[in-house]
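Presented below is the structure to which this report refers.
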Amino acid sequence: MDFREDQIERYSRHIILKEVGGAGQRKLLESRVLIIGAGGLGSPVALYLAAAGV
């Protein structure tokens, strides 16, 4: 799976980190999570996961 131009622009900071890299970002994009509740903890978790590309 190659990254689209908009994905490279959005996730470039993740991709340049040696701990994440292209392979790690690809795993994040293919990941799925279940968040139970959207209260005080669920709302920011959903926001951060979406920003990370999950």
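No lab work stands behind these numbers, since they all come straight from the coordinates. These figures come from a predicted structure and were not determined experimentally. Glycine gets a Cβ as well: all are built from the backbone with ideal geometry, and neighbour counts include every protein chain shown.
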In sequence order, calculated HN-Hα J values of segment 17-29 (Karplus, 6.51, -1.76, 1.60; Hz; x Gly/Pro): 6, 5, 6, 9, x, x, 5, x, 5, 4, 4, 4, 5
Listed residues LEU47, ILE35, HIS14: farthest to the positive end of the dipole of the chain (Cβ charges): ILE35
Computed magnitude of the charge dipole of the chain (debye, nearest 20; Cβ of K, R +1, Cβ of D, E -1): 140 debye
Vicinal HN-Hα couplings computed from phi for segment 37-54 (Karplus, 6.51 cos²θ - 1.76 cosθ + 1.60; Hz; Gly/Pro x): x, 10, x, x, 9, x, 5, x, 4, 4, 4, 5, 5, 5, 5, 7, x, 6
For GLY53, residues with placed amide H under 5 Å, excluding near neighbours: none
